[in-house]
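See below for the structure under consideration.
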Amino acid sequence: MLGVAVLAVALTACSDGGGLDLPPVTRNLAVTLGDQSFTLVDGVAEKPAAAGSAATETVRAVGDPVIGGDVTGDGKPEAALLLTDDPGGSGTFYYAVLALSGTDSWRATNALPLGDRIEPQGIDFADGHFVYRFLERRPGEPMSEPPSVPRTVVIGFDRSTGRISA
């Protein structure tokens, strides 16, 4: 139980980018978005947006992570994270990722895209699944319109592949 409390505090600190001295278990969480790998350090990862480019791509943990039940069946709780990817252009892309507890470290699942410039509303754990809630735009609405359509994405974990899906 102490490990869960420490993880909750560490992941929360990670999410605000506050640069706190985090335990090694959460300090260097490696995540993959599409075909790009990032290592979050204090909840943030940066790299050049393209080879030789001055623009920077930034991946960031946002909001409060949610410690839930055991979705992997290993008897240990998992944590749901919300990540943003700002690739250096006008979009900010949101992803769902689970942090799986290991013997002495944590590893990230695949990242599931949620949308571009959505408005996060929260993450819940219910009936053995993590549920991401957010607002999105109606089809065809310009990005200048604020998101207003409620959406939920229920995350399932496939124990045979170790991957998450909606």
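We did not get these values from a lab; they are worked out from the coordinates using the rules stated. Note that the structure is a prediction, hence the values are computed from the model and not measured. Please note: Cβ atoms are built from the backbone with ideal geometry, for glycine as well, and neighbour counts cover all protein chains shown.
Rounded to the nearest Hz, the phi-derived 3J(HN,Hα) couplings of the range 67-78 under the Karplus curve 6.51 cos²θ - 1.76 cosθ + 1.60 (θ = phi - 60°) are 8, x, x, 8, 8, 8, x, 9, x, 10, x, 10, where x marks glycine and proline. Equivalent ellipsoid of the range 94-166: semi-axes from √(5λ) of the C-alpha gyration tensor, largest first, are 28, 12, 11 Å. Backbone N atoms of the range 138-163 closer than 16 Å to the 7 Å Cα→Cβ label point of ARG107 belong to residues 158-163. For ALA55, the shell of other residues with beta-carbons less than 15 Å away shows a net charge of -3, using +1 for Lys and Arg and -1 for Asp and Glu.
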